[in-house]
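K.L.:
Would you mind keeping the following structure in view while I ask a few things?
The values are calculated or read from the model by the stated rules, or taken from the named source; none is laboratory data. Keep in mind it's a predicted model, so treat the numbers as computed, not measured. Cβ atoms come from the backbone with ideal geometry, glycine included; neighbour counts cover every protein chain shown. Please note that ligands, DNA and RNA were not included when accessible areas were found on the heavy atoms of the full protein model with its side chains. Shrake-Rupley method; radii C 1.70, N 1.55, O 1.52, S 1.80 Å.
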Amino acid sequence: AHSSRHSTIMISPLALLLIGGASALQLHNVRRPAQSVHRLRGGAPVAAQPGVAIVVDAEIVPDRVDEFIKVIEADAKGSRGEPGCLRFDVLRASDTRFFFYEAYVDAAAVDTHKAQPHFKLWSDFKASGGCTSVSVKAVPLGEWGFQ
């Protein structure tokens with residue numbers, strides 16, 4: 001039996017695709033202890049527990065895709081070298097739409113990541129109007145998380 005101190009974590013269909021194979025029912029019923037909430041990149045709330053997964057959905061201005069690919073390659077390679085980064089994957093969904101799946105050991109590792117020069121490349125690209133839209137979702141990594 002679960003105590004009343006637990007809350008259900010809702011997982012998006014995109015997260016199902018990225019973690020590969022777990023059923024929606026299995027993930028819908030994952031229980032986590034209720035904890036305080038922190039805000040990460042994009043203001044997305046996540047429980048204050050070790051392990052953070054971030055999914056970014058970015059639509060790139062068509063004539064800036066080549067520039068974006070250089071920027072995100074530098075960001076991904078730099079991120080993968082950070083001690084707190086467990087994973088940084090970039091997936092291309094179409095000519096202009098990309099998904100990033102990032103996993104970090106904790107919220108402090110996300111803060112460290114956001115202070116790196118390779119992250120600034122991505123931030124500057126967004127600020128310059130290189131994206132038509134960006135959506136960021138952050139969730140606790142948990143034992144179901146793809147690492």
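K.L.:
Of the residues LYS137, LYS77, which single one is in contact with a strand residue (DSSP E or B) (Cβ under 8 Å, 6 or more places away or on another chain), open to solvent by 10 Å² or more (accessible area, probe 1.4 Å) and among the charged types (D, E, K, R)?
P.N.:
LYS137
K.L.:
From the residues in segment 93-116 that are more than 20 Å from PRO140 (Cα to Cα) and touching a helix residue (DSSP H, G or I) at 6+ places or on another chain (Cβ under 9 Å), which one is most open to solvent (accessible area, probe 1.4 Å)?
P.N.:
ASP95
K.L.:
Return a yes/no flag: does segment 63-77 have any residue that is in a helix (DSSP H, G or I) and among the aromatic types (Phe, Trp, Tyr).
P.N.:
Yes, some residue in segment 63-77 is in a helix (DSSP H, G or I) and among the aromatic types (Phe, Trp, Tyr).
K.L.:
Report, by residue number, each residue of segment 88-135 that is farther than 15 Å from ILE60 by Cβ, in contact (Cβ under 8 Å) with a residue 40 or more places away in the chain, assigned to a strand (DSSP E or B) and not charged (D, E, K, R).
P.N.:
Within segment 88-135, TYR101, ALA103, TYR104 meet the criteria.
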